[in-house]
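Asker: One structure follows; several queries about it will come next.
The values are calculated or read from the model by the stated rules, or taken from the named source; none is laboratory data. Values in this document were obtained by computation on a predicted structure and should not be read as measured data. So basically every Cβ, Gly included, is an ideal-geometry build from the backbone, and we count neighbours across all protein chains shown. All accessible areas refer to the heavy atoms of the entire protein, side chains included, with ligands and DNA or RNA removed. Shrake-Rupley method; radii C 1.70, N 1.55, O 1.52, S 1.80 Å.
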Amino acid sequence: MKKPSTALLKRPLVALASGITGAVTLTLVHEAARRLVPYAPRMDVLGMRAIARGMYKFNERPPAEETLFRYSILGDIISNSLYYSLTGTGRKAWWRGAALGLAAGVGGVALPGPMGLGTEPSGRTPQTKAMTVALYFLGGLAAATLSRVLFEKPSVEELDEDDVAVV
């Protein structure tokens, strides 16, 4: 009897795990940088502004700053996880992760102003802009790294005897 293929399930799970890894890496490094580097980007501020703006549109009063901060971080992790999961699997995951990271970083610098969220949190100085792009790029590389580690094809030595017959 033929074993059911787990590849259909494995690819999306690996992609999602990779996306979560990229998002958590981005968030942890961003939070460390904002506490240690005076010109670090403040993407959390952009998130808080976006949430507050949305609440005002529904005639709701935003929560206290600490609660708004937590919502912002949670929203960042969820949305960035889904975004970085587009890195996918396979050999081109490195290119996709790098491209997604660069695109997110450039968007993080270029889009807040036109969206009415202000330009200072991600574009205060040239160093802030560069750090914004670098942080998102790092998230893309972290996603690609986990994808490649989890989705590498096993060597012949790692396969059991049933698998070797199929190869």
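Asker: Normalised radius of gyration for the stretch 68-156, please: alpha carbon Rg relative to 2.2 N^0.38 Å, two decimal places.
Answerer: 1.24
Asker: Per DSSP H run of n ≥ 4, the term is -39500 (n - 2.57); total these for the chain, divide by its residue number, and report the mean residue ellipticity at 222 nm rounded to 500 deg cm²/dmol.
Answerer: About -24000 deg cm²/dmol.
Asker: Round to the nearest 10 and report in Å² the accessible area of Leu16, as given by a 1.4 Å probe over the protein chains' heavy atoms.
Answerer: Around 70 Å² of this residue is reachable by solvent.
Asker: Continuing with the same structure: To check my understanding: the extent here is largest minus smallest coordinate of the Cα atoms along each principal axis. What are those three numbers for the stretch 26-111, in Å, largest first?
Answerer: Cα extents, longest axis first: 47, 32, 22 Å.
Asker: How far is helix 43-57 tilted, in degrees, relative to the longest principal axis of the Cα atoms in the chain, given as a value from 0 to 90 rounded to the nearest 10?
Answerer: Value to nearest ten degrees: 70.
Asker: To the nearest 10 square angstrom, what accessible area does Val106 show with a 1.4 Å probe?
Answerer: So the heavy atoms of Val106 present about 80 Å² to solvent.
Asker: Return one number: the angle in degrees, 0 to 90 and rounded to the nearest 10, between the long axis of the Cα atoms of helix 126-151 and the longest principal axis of the Cα atoms of the chain.
Answerer: Between the helix axis and the principal axis of the chain, the angle is about 20 degrees.
Asker: Then there's this: Could you put Tyr83, Tyr56 in order of accessible surface area, largest first, with the 1.4 Å probe and the full protein assembly present?
Answerer: These residues rank, largest area first, as Tyr56, Tyr83.
Asker: Using a 1.4 angstrom probe on the protein heavy atoms only, could you order Asp76, Asp44 from most to least accessible area?
Answerer: Per-residue accessible area, sorted high to low, gives Asp76, Asp44.
Asker: So which GluC sites (Glu not before Pro) in the stretch 13-98 are both in a DSSP loop and have at most 13 other Cβ atoms within 10 Å of their Cβ?
Answerer: Counting only loop positions with at most 13 other Cβ atoms within 10 Å, the GluC sites (Glu not before Pro) in the stretch 13-98 are Glu60.
Asker: Moving to a separate point now. For the chain, what ratio Rg/Rh do Cα atoms give with a Kirkwood hydrodynamic radius?
Answerer: That ratio equals 1.12.
Asker: Pairing the Cα long axis of helix 93-110 with the longest principal axis of the chain, what angle in degrees results, from 0 to 90 and rounded to the nearest 10?
Answerer: 10
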